[in-house]
Amino acid sequence: MNEVDARPLTEGCEGFGAVPDAFNRLWTPHRQVYISGEERPTTKDSAHCPFCAAPKRSDEDALIVYRGKLVFAIMNLFPYNSGHMLICPYRHIPQYIDLTQDERAEFGEVTAKAIRTLKQVANPDGFNLGMNQGEVAGAGIAGHLHQHIVPRWGGDTNFFPLIARTKAIPELLSQARSRIAANWQG
């Protein structure tokens with residue numbers, strides 16, 4: 001922190017390729033665990049998959065919000081916004097087309113329930129829904145299909161808020177999980 005004005009220290013852009021890009025840099029070293037893949041599975045098999053391991057733990061420990069027959073909803077460990085959830089099948093499959101008809105139906109229903117719940121407990125102005133299938137498409141855990149549900153509020157419309165300089169997540173994951181699970185829309 002800068003002692004003079006108590007703002008986070010940022011790095012100027014003047015030296016980047018000799019072409020200023022108008023962005024300041026806010027260092028977030030805690031994200032290095034995610035970026036480096038320290039806790040990411042090294043193989044695509046289910047033995048090393050966090051989405052296969054999560055249902056074997058308690059809801060509180062695994063941050064599971066809802067357990068269905070074929071799919072479950074879990075908080076994202078690296079959220080873009082408060083309330084960022086993932087919908088996952090229990091079965092270890094990599095792509096949406098690998099879901100059975102029953103899994104696909106429940107996947108859609110649980111997605112709708114998650115959106116209804118977030119509308120009630122967090123009153124977002126909109127949502128981003130998305131699936132990155134395959135490493136080249138940006139999937140951090142490519143071996144196990146998961147869909148992101150990210151609530152969005154007016155004034156917070158960019159995917160990574162670089163121009164806002166800071167991303168504030170106003171509650172702990174455990175608090176968000178408890179609030180969402182207690183108000184799950186069935």
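Expressed as a whole percentage, what fraction of the accessible surface of region 93-145 belongs to carbon and sulfur atoms when a 1.4 Å probe is rolled over the protein heavy atoms? Write down the numbers at each step before the final one.
Values: 1290 of 2790 Å².
Of all accessible area on region 93-145, carbon and sulfur atoms account for 46 percent.
Using 7 Å Cα-to-Cβ label points, what is the S178/Y96 separation (nm, one decimal)?
Modelled inter-label distance: 3.5 nm.
For region 85-124, with only Lys/Arg (+1) and Asp/Glu (-1) charged at the beta-carbon, what is the dipole magnitude about the Cα centre, in debye rounded to 20?
Rounded to the nearest 20 debye, it is 240 debye.
Label points 7 Å out from Cα along the Cβ direction at K119 and R57: separation in nm?
Taking the two extended label points, one gets 3.2 nm.
First select every other residue whose beta carbon is under 14 angstrom from the beta carbon of Y66; then total the charges, Lys and Arg +1, Asp and Glu -1.
+2
Cα atoms only, region 87-126: Rg and Dmax in Å?
In Å, with Rg to one decimal and Dmax whole: 12.4, 33.
Tally Lys and Arg at +1 and Asp and Glu at -1 over the other residues with C-beta under 15 Å from the C-beta of A181: what net charge comes out? Write out the running numbers ahead of the final one.
Values: positive: R57, R67, K113, R116, R177, R179; negative: D59, E60, D61, E171.
Every neighbour counted, the sum reads +2.
The values are calculated or read from the model by the stated rules, or taken from the named source; none is laboratory data. Just so it is clear, the structure is predicted and the values come from calculations on it, not from any experiment. All Cβ positions, glycine included, derive from the backbone under ideal geometry; neighbour counts span all protein chains shown. Just the protein is used for accessible areas: all its heavy atoms, side chains included, with ligands, DNA and RNA removed. Shrake-Rupley method; radii C 1.70, N 1.55, O 1.52, S 1.80 Å.
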